[in-house]
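A.B. asks: Input: one structure, supplied below.
Read-outs throughout are calculated quantities, based only on the coordinates presented, and are distinct from any laboratory measurement. Keep in mind it's a predicted model, so treat the numbers as computed, not measured. Here the Cβ is made from the backbone with ideal geometry for all residues, glycine too, and neighbour counts use every protein chain on show.
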Amino acid sequence: MSEMVTKIANILYEKKAQNIVALNVKDLTVITDCMLIATGRSTIQVRTLADEVEERMTEAGIDPIRKEGMQEGRWVVLDYGEVLVHLFHQEERDFYRLDKLWEMGENRIILPFENTDED
């Protein structure tokens, strides 16, 4: 997929985000081409993950179009146009199940750090 997906996924991986999933949703919605979904272990980590993604992407010259949820830190959304980043606290991820809602067979994007041999 795009370099942006790989870059953001690697940032999340480096910051110890859990259960990182990338989905190609280009044929399923007009709002974005890809969703990156990850979990933080606490509200502090969710906010930290969002801050790190935003900071590193800004350094690369890419600012989010919009961001939501930073205050609460339970579900943060960073909108980069072609990529929507959803960062969840575990309870919210279990409740909303976005990855299950948007995963349609073969649209999961294998990320560089995933070990596909064990799946």
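A.B. asks: Enumerate the pairs (first residue in region 8-31 and aromatic (Phe, Trp, Tyr); second residue anywhere and surrounded by 15 or more Cβ atoms within 10 Å (Cβ to Cβ)) with beta-carbon separation below 8 Å, excluding pairs fewer than 6 apart on the same chain, so at least 6 apart or on different chains.
C.D. replies: As it stands, the answer is Tyr13/Ile20; Tyr13/Leu111, since those pairs meet every condition given.
A.B. asks: For region 40-54, check the following and say yes or no: at least one residue is surrounded by fewer than 20 Cβ atoms within 10 Å (Cβ to Cβ), in contact with a strand residue (DSSP E or B) (Cβ under 7 Å, 6 or more places away or on another chain) and assigned to a strand (DSSP E or B).
C.D. replies: No, because not a single residue in region 40-54 is surrounded by fewer than 20 Cβ atoms within 10 Å (Cβ to Cβ), in contact with a strand residue (DSSP E or B) (Cβ under 7 Å, 6 or more places away or on another chain) and assigned to a strand (DSSP E or B).
A.B. asks: Among the residues of region 71-88, which ones are in contact with a Lys or Arg (Cβ under 6 Å, 6 or more places away or on another chain) and farther than 21 Å from Leu28 by Cα?
C.D. replies: Gly73
A.B. asks: Between residues in region 42-58 that are β-branched (Val, Ile, Thr) and residues that are in a helix (DSSP H, G or I), which pairs lie under 8 Å by C-beta distance while being six or more apart or on different chains?
C.D. replies: Within 8 Å, the pairs are Val53/Ile8; Val53/Ile11; Val53/Leu12.
A.B. asks: To continue, here is another question. Tally the residues that are in contact (Cβ under 8 Å) with a residue 40 or more places away in the chain and either part of a strand (DSSP E or B) or loosely packed, with under 13 Cβ neighbours inside 10 Å (or both), restricting the search to region 69-109.
C.D. replies: Matching residues across region 69-109 total 11.
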